[in-house]
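Report on the following structure.
Rule-based calculations on the coordinates, nothing more; no lab input. Predicted, not measured: the structure shown is a model, and the values here were computed from it. Using ideal geometry, Cβ is built from the backbone for each residue, glycine included, and neighbour counts are taken over all protein chains shown.
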Amino acid sequence: MKKYIFSILAVFLISLTTTAQVDRTKQPKPGPAPTINLGTPKTFTLKNGLKVMVVENHKLPTASATLLIDNPPKSFGNKKGVDGFVGGLLGTGSTTISKEKFDKEVDYLGANISFGSLSANANSLAKYFPRILELMADAAFNPVFNQGEFDKQMKQSLTGIKNSQKNVPAIARRVENALSYGKNHPSGEITTEATLNNISLQDVKDNYNTYFKPNNAYLIIIGDVNFKSIKQKITSLFNGWEKGIIPSSNIPVVKNVGHTEINFINMPNAVQSEISVLNTIKLSLKDKDYFSVLLANYILGGGASSRLMNNLREDKGYTYSAGSGIGASKYDTRFRASSAVRNVVTDSAVVEFLKEINIMRFQPVTAEELKTAKASYTGNFVRALERSSTIANYALNIERLGLDKDFYKNYLKNLNAVSIQDVQDAAYKYFRGNKARIVITGKGADVLKNLGNLNYKINYFDKNANPTTKPKMDMPIPTGMTASNVVDNYFKAIGGADKVKSVKTILTSSDAKVQGMAINLITKVSTPNKVSAVVSGMGQTLSKQIFDGEKGFAEQQGRRVELTAAQIAEAKKNTLFIDEAYKNGKLDRIANLDGVSAYVIVSGKKEIFYNVKTGLKIQEVITAKVNGKEVKNATLFSDYKVVNGVKFPHKTIMPMGPMKLEFVVSEIKINEGVSDADFKI
């Protein structure tokens, strides 16, 4: 009966959340494309090859410096992670100043200085900037690689690795990278406890001395500076930075899968499945279809009103967010569509991802979609021009990537020249819907059975992207155990069959919040199958449903609708304790539910989970048709408390579109507070 009540409530809440959402179908009309007048940074090159770009901006009394060493990607093999120690140890003082004095002076000046293995950043008020630049250069070129500091950072890194072992998104990202590019590729290498333990302080020094060189370096200065003065300062600070021979980098060839397949990483603690649909590509800003790819990706999954968002969030309610992205680089990059979805809809979400990707590949987008995508990119581009850093970044891209000097001046012109056919051609070329690597990190016990029905090959990997075997899903059912036994154990667990039979009426008051609004649900049920459910909030009745055992109605916002014959037939099946009917179901398996072993009874379109140890019901999963499609929804029961000798769950969590709705019971009355008048039609 409780499940029936919450199903009734779902109708009201879905309506509520739908009406509360913003109408994203109405787009503002874009104006004419603006004329692009990009400023040009002042540049010079030092004798060691360091290329300097200076953008004067006197609107605010601040300045910043960014040092970037653009070396080719490098693999570190069994010492992966050594580069992280370089960035971590730079800035911990220098040969001329201690760490304590360095940090104290930076703080006193209200500045920030940070380092990466091949980068440095600093910002401060303009009047302190010359000194901050000195400190950055001193720390970068005269580092002190201290054993004590190294040991401290090593301990922190090892702790971080251990702590990440149960972090589902973190595991998903690193395995995705390894599977996409390969574990011996710079973009696919995984830092592990073993690789960290292989690293010594001398390895860190060697890495710094080899790769921290000006050969491929750029220094970008932005802010309230005088070009002549800052040039003199930079020359004095950076001219002594000696060039070196950068070892060549042998980057392995990246290959996509020959046919669509699923790569599965089992995480028993996962409450959601991390899904990524991937394929590697080669795409640079110089490619003629670059703008077509940008727009294709935006329409598919790049915006709040993208197809993936509209499908997986708005239509299906599988997730809070779904989207896609595509990279552009001098090196290998990839297309990635992704989302975190509820366990019970993992297989359905995979189907929808591939459906949307293949629609993009084989069907033209609409003129309105293309218009909206162009308007979004135009707006972003124009807003970016308001930032002084944009001029430097654009100039840096032109230099690093070998772009045409007018690339950004012609940006909007080239963007607006993209046609519907161009978008489809780009989608067909770069979105490999027929040869996709689908990486799923989730709870195998909950999702693998249904994933197997998709008829894709499934390969299994551990948390470090090593091939492994299919995880064991279920425990064997003890000999002689039946669905009837499980239900009998449940009744025993909640108080015993006699106590259950003595219950004739139940009044329950529960509270929840939906989109910040407090709501109250009062349900009254009476044998054999009478029910009243009233939802109130904001001082008024929001929804009501009554069934008197023979007929009934649903009422919402003043509109009353009589129950159909099918709804009446279903309502008549419900009883105060519907579990009695589950004795006729099938005891299907023992599943692992968030670390708890549970008997699973299949009864019609339902799967009911009973805790093996306690006998209590902990979950129901029901399959229903929504808009002609099957949708699975799970309701969780917990916090059992005794009321008049019978245990009732006092917390119920149920999905409601992309949300999770939590009802907490404030009051339960047994055999009181309910009369025939409550079910009057």
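Key figures
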item	result
Estimated translational D of the chain in µm²/s (Stokes, Kirkwood radius over Cα pairs; 25 °C; 0.890 mPa s)	83 µm²/s
Distant-in-sequence amide H partners of Asn671 (H built 1.01 Å from N, under 5 Å)	Lys504, Thr505, Ile506, Leu507
Kirkwood hydrodynamic radius over Cα pairs of the range 42-238, then Stokes diffusion coefficient at 10 °C and 1.306 mPa s, in µm²/s	87 µm²/s
Simple spin-label estimate for Asn78 and Ala417 in nanometres, 7 Å along Cα-Cβ	5.4 nm
Where GluC sites (Glu not before Pro) fall in DSSP loop in the range 522-564, at most 13 other Cβ within 10 Å	Glu550
Under 14 Å, Cβ to Cβ, from Pro72 - net charge with Lys/Arg +1 and Asp/Glu -1	+1
Loop-located trypsin sites (Lys or Arg not before Pro) in the range 295-398 whose Cβ has at most 13 other Cβ within 10 Å (DSSP)	Arg387
Charge context of Val561, other residues only, Cβ under 14 angstrom, K/R +1, D/E -1	+2
Residue exposure sequence - Asp347, Asp446 - by fewest surrounding Cβ within 10 Å	Asp347, Asp446
Pairwise centroid distance, computed over Cα atoms, of the range 306-363 with the range 234-261, Å	31 Å
Length released on extending from Phe362 to Lys282, taking residue separation times 0.36 nm less the Cα-Cα span	26.7 nm
Hypothetical label at Asp70: residues of the range 370-402 whose amide nitrogen lies under 14 Å (7 Å Cα-Cβ projection)	392-402
Förster-model FRET efficiency, 22 Å R0, Lys166 and Ile653, C-beta, rounded to 0.05	0.55
Separation of the Glu134 and Asp639 label points, Cα + 7 Å toward Cβ, nm	6.2 nm
Percentage relative contact order, the chain, counting C-alpha pairs under 8 Å, at least six apart	14 percent
The range 544-622-the range 107-158 distance, computed between alpha-carbon centres (Å)	61 Å
Phe145-Lys470 pseudo-label distance in nm [points 7 Å out on the Cα-to-Cβ vector]	4.9 nm
Descending semi-axes in whole angstrom, ellipsoid equivalent of the range 255-468, from the Cα gyration tensor	33, 19, 16
Net charge of neighbours whose Cβ lies under 10 Å from the Cβ of Glu662, counting Lys and Arg as +1 and Asp and Glu as -1	+2
